[in-house]
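*Asks:* Got a structure for you, written out below as structure tokens; questions coming shortly.
All of the numbers you see were taken from the coordinates with simple rules; none came from a lab. None of these values were measured; they are calculated from a predicted model. Because the Cβ atoms are built from the backbone with ideal geometry, glycine has one as well, and the counts that use them run over all protein chains shown.
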Protein chains: 2
Amino acid sequence: MNPRELIERKKRGAALTEGEIAAVVADFAAGRIPDYQMAALLMAIWFRGLSRAESAALLRAMIASGRTLDLRDIPGPKIDKHSTGGVGDKISLPLAGVAAACGLRVPMVSGRGLGHTGGTLDKLESIPGYRTQFGEAAFRDTLRRVGATIVGQSDDLVPADRELYALRDVTATVDCIPLIAASILSKKFAAGVEGVVLDIKVGSGAFMRDLEPARALAALLVDLGHEYGRRVAVLFTRMEEPLGEAVGNAIEVVESVAVLRGAGPPDVRTLVLELAAEMLVLGGLAGDLATGRSAAARALSSGAALETFARMVAAHGGRLAIEHPSCGLELAPVVARLAAPRDAFLEGVDGWEIGMALVDLGGGRQRKEAAIDPAVGLRWRVRVGQRCQAGDVVAEVLARPGQDTSAVLHRLGAAVAWGDEAPAPPALVLDRLPFRAAAV
Amino acid sequence: MNPRELIERKKRGAALTEGEIAAVVADFAAGRIPDYQMAALLMAIWFRGLSRAESAALLRAMIASGRTLDLRDIPGPKIDKHSTGGVGDKISLPLAGVAAACGLRVPMVSGRGLGHTGGTLDKLESIPGYRTQFGEAAFRDTLRRVGATIVGQSDDLVPADRELYALRDVTATVDCIPLIAASILSKKFAAGVEGVVLDIKVGSGAFMRDLEPARALAALLVDLGHEYGRRVAVLFTRMEEPLGEAVGNAIEVVESVAVLRGAGPPDVRTLVLELAAEMLVLGGLAGDLATGRSAAARALSSGAALETFARMVAAHGGRLAIEHPSCGLELAPVVARLAAPRDAFLEGVDGWEIGMALVDLGGGRQRKEAAIDPAVGLRWRVRVGQRCQAGDVVAEVLARPGQDTSAVLHRLGAAVAWGDEAPAPPALVLDRLPFRAAAV
């Protein structure tokens, strides 16, 4: 396999064979293909795309680059959820509790926040003691005993994805649908899940601003799942204003516990129920979405979901005082407020700017290696379509003493649009793409 | 300047500014931009192209990456020739002698052979003692005293081009017209030439198979020369069968001396006269091409061109016995012959295959660092359109004792097409693009 020849052929629009893709991924992961040749190939792929067959070969090659988990000895359907990332997206936390309480096994391998989106691992690490790096034995034991476990990616799980992602990040080749699809699914399938629900976020607070590329990604994800013999379903959800009120790390754990208690913001609760219903259908524990929704709602009202979540946190070494209003977590004590400038309807919110305001506060990061402050955050108090009076609190900024919040408040103020007429209430779930049963 | 952002913008089809291009070339040459980011940018440029303004900025940035020579203190017009490379293309050797004998000053910075094309430096190094690396003082002195000097590129002349070319070579981004144009002209202009004639080869033995991309390259070269205040003219010449009979290194020096003696193959002589005429017009020493051709022909018949060439070789330390039939050079002693298989017309020749047959023999190289054997070579004895009888010698292979020539003969045999009707005699000069005077 001559890498230059492969680059040349892809540049000309030819399809690479399964064997060629397997070799290029294996050789790259082993350091036998230099970064500069892979960078050229990635850019050629950005322009020419990959066929379904090439994408499937890429998925298989990436999975084969590392260790794969076989979870078949653990009883129950192993079903996961993945979100393409948004602002205030703490869904994984309550969802893991709900889905496991309903009988699913949820082996969740999560990531960290970057840029305007938060990361599940960062949120969990705001819980004192919570270990996101877990040996395989502890992972299996927690999955079997508690039903859910949320961990960081271990070094030997799809190492090719880590290398490829780092290179894509610095060569402007992240936004490429076949590369995104293979990256998402390789980590899920290598971790042993039988099915995964993908929450593809669309809007100003998401990586995809429009529904059209989101549909292309979703179609490929479903096809690749089908091809690989795993179950994939997709929800397209709106990401403009933050999901829920809380944007940050500790503050999102607190809101997650509120949702698990059966309270919390309605949009978070709704999305947890919708995603849990999809997961239950994928796992064969509900015949349809309505049945799945009811089961999920019962897990919330009975307290089973909260109990399961608390047991999961404890299994990971986390100390969470769920009976306490702030769960015993430290929240930054200074509260600065953004007020409505006039009597008006909230017409729209630029979610990206809100995510970046959290980065400005120190609660998110611009570079992968940066540290974050789990105690700072935002409370987003109004919803699009809501009528405010001049002076009403739109958002609260939780900051450290001495921290200058004026720039953050200014950024937040510039991220909202006000109008004199009530806008149409936006839908949360924009569309869905159900699991397509493999014709086995 | 953030390289990722520049890659992103070029990927989306935006134009980069002069300042951005200057910074990216300078930073890359200084090692501040890693190869993988430059590789991604080069591939994005392959797909999106560069505007005239971007190409001009690239040319300027590349020239600025190293030392530039100012030859204005040397009397006479400093005019050079550059060929895009072909099989049997020894033109630079006799042409340097002819042009200098006519009063031009020819400061020629040449390269080595790679793949199917030979390199002028390799040919000159088959002359014992010829030094292709020369200090600037010796370069100037030879140019002033003899009128022509052919040297290798010094490390400090357009270092960015060397780095960029090495990267393009392994990332399949060589075949990109704006990158080719900037690479060619930067070396010529940095070496202080006032004008250059470009011999763009078209056909199976050339990098460009068709006239259309050759025209695009030529138009850009003329524009960039205009923009930079230097004179550029272009000849498009056919490259299917080898130029002349000799294909190799020492053997091409021998043929060059024959041409300088006023003999030699007609196509080599014709092209030398045509290119010399263009150079004389560019340098202002001839008012039109016909006058230029006559002056060049006189330089051949008078012996002045041969004498100039011999003095140049001597100035470089080379020992060439021009009175001897093989100029005192070692030629491989075993001669294997390819015979015509039947009574027929030679219809066509795949020049690429002939160039690669020389590589197989050891007279060319596949990798830049490979060594070559200057004594092996080919004599191509028939011209397209010529009628042969079965058994007539088509080509002779000059090999070392013990070398197996059967595969080479087989390759040569497969590279020729025979027919029963006389094909139209192919033109050598396909078209030309004259110098466009700058509106100063």
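*Asks:* Sort shortest first the distances from A:R52 to its counterpart in every other copy, using label points 7 Å along the Cα-to-beta-carbon line, and give them in nm.
*Replies:* 4.7
*Asks:* Shielding of B:4-11 by partners, i.e. mean partner chain Cβ atoms within 10 Å per residue?
*Replies:* Per residue, the number of nearby Cβ atoms from other chains is 4 on average.
*Asks:* Further question: Which residue, B:A138, B:A23, B:G113, has the largest displacement toward the positive end of the dipole of segment B:1-160 when charges sit on each Cβ (Lys, Arg +1; Asp, Glu -1)?
*Replies:* B:G113
*Asks:* Local charge sum around A:R209 (other residues, Cβ-Cβ under 14 Å, Lys/Arg +1, Asp/Glu -1)?
*Replies:* -3
*Asks:* While we're on this one: Going by the alpha-carbon gyration tensor, a ≥ b ≥ c the square roots of its eigenvalues, is segment B:330-385 rounded (a/c under 1.5) or, if a/c is not under 1.5, prolate (a/b greater than b/c) versus oblate?
*Replies:* Here segment B:330-385 falls in the oblate category.
*Asks:* If one computes the Cα centroid of segment A:200-226 and of segment A:99-118, what distance in Å separates the two points?
*Replies:* 18 Å
*Asks:* Same structure, new question: Can you list residues from other chains, or at least 5 along the same chain, whose modelled amide H is less than 5 Å from the amide H of A:H82?
*Replies:* Answer set, sorted by chain and number: A:V197, A:L198, A:D199.
*Asks:* Let me ask something else about it. Give the lysines reachable from A:K368 as a straight Cα distance under 19 Å; neighbours fewer than 8 places away on the same chain don't count.
*Replies:* Cα-Cα hits under 19 Å: A:K123, A:K187.
*Asks:* Based on alpha-carbon centroids, what's the gap between segment B:335-390 and segment B:8-50 in Å, whole number please?
*Replies:* 40 Å
*Asks:* Determine the sum of side-chain charges near B:A390: Lys and Arg each +1, Asp and Glu each -1, restricted to other residues whose C-beta is under 10 angstrom from that of B:A390.
*Replies:* In short, -1.
*Asks:* Say the dipole of the protein assembly as shown comes from +1 at the beta carbon of Lys and Arg and -1 at that of Asp and Glu; which of A:I180, A:A310, B:G317 then lies farthest toward its positive end?
*Replies:* The listed residue farthest towards the positive side: B:G317.
*Asks:* From other protein chains only, count the Cβ atoms within 10 Å of every residue's Cβ in A:31-38, then give the mean.
*Replies:* Mean inter-chain Cβ contacts per residue within 10 Å come to 4.
*Asks:* Further, regarding this structure: Amide H of A:D431: which non-local residues (sequence gap of 5 or more, or other chain) have their own amide H closer than 5 Å, using H built in the peptide plane?
*Replies:* A:F236
*Asks:* So, one more: Most fluctuating residue of B:G147, B:G348, B:G287 in a GNM of chain B with Cα springs under 10 Å: which is it?
*Replies:* The residue with the greatest mean-square fluctuation here is B:G287.
*Asks:* For a quick protection proxy, order the peptides B:393-400, B:71-78 by their average other-Cβ count within 10 Å, most packed first.
*Replies:* Going by the mean number of other Cβ atoms within 10 Å, highest first, we get B:393-400, B:71-78.
*Asks:* Under 15 Å from the Cβ of B:S51, count the other residues' Cβ atoms, weight Lys and Arg +1, Asp and Glu -1, and hand me the total.
*Replies:* +1
*Asks:* Another question about this same structure. Using modelled backbone amide H atoms (1.01 Å from N, in-plane), which distant-in-sequence or interchain residues come within less than 5 Å of B:W418's amide H?
*Replies:* Amide H neighbours of B:W418, under 5 Å, 5+ apart: B:E347.
*Asks:* By how many nm would the segment from B:D73 to B:I322 grow when fully extended, if each residue of separation counts as 0.36 nm and the alpha-carbon distance is taken off?
*Replies:* Contour length minus Cα-Cα distance gives 86.4 nm.
*Asks:* Exceeding 32 Å between C-alpha atoms, which entries from my cross-link table qualify? They are A:K78/B:K10; A:K11/B:K201; A:K188/B:K11.
*Replies:* A:K78/B:K10
*Asks:* Contact order normalised by length for chain B, with contacts defined as Cα pairs under 8 Å and 6 or more residues apart; what percent is it?
*Replies:* Result for chain B is 20 percent.
*Asks:* Who wins for biggest fluctuation among B:S186, B:S256, B:S326 in a Gaussian network model of chain B, springs between alpha carbons below 10 Å?
*Replies:* B:S326
*Asks:* OK, next. Quickly estimate the mean residue ellipticity at 222 nm for chain A, helices only: each DSSP H run with n ≥ 4 gives -39500 (n - 2.57), and the total goes over all residues, rounded to 500.
*Replies:* -13500 deg cm²/dmol
*Asks:* Could you run the Karplus curve 6.51 cos²θ - 1.76 cosθ + 1.60 with θ = phi - 60° over segment B:14-24 and give me ³J(HN,Hα) per residue in whole Hz, x for Gly and Pro?
*Replies:* Going residue by residue, I get 6, 8, 8, 7, 4, x, 5, 5, 4, 5, 5 Hz, with x marking Gly and Pro.
*Asks:* When the Karplus curve 6.51 cos²θ - 1.76 cosθ + 1.60 is applied with θ = phi - 60°, which whole-Hz ³J(HN,Hα) does each residue of segment B:162-171 get, with x for Gly and Pro?
*Replies:* With the stated coefficients, segment B:162-171 comes to 4, 5, 5, 5, 4, 6, 4, 4, 9, 10 Hz.
*Asks:* Karplus couplings for segment B:228-237 from phi (6.51 cos²θ - 1.76 cosθ + 1.60, θ = phi - 60°), rounded to Hz, Gly and Pro as x?
*Replies:* 8, x, 10, 9, 10, 10, 10, 10, 9, 10
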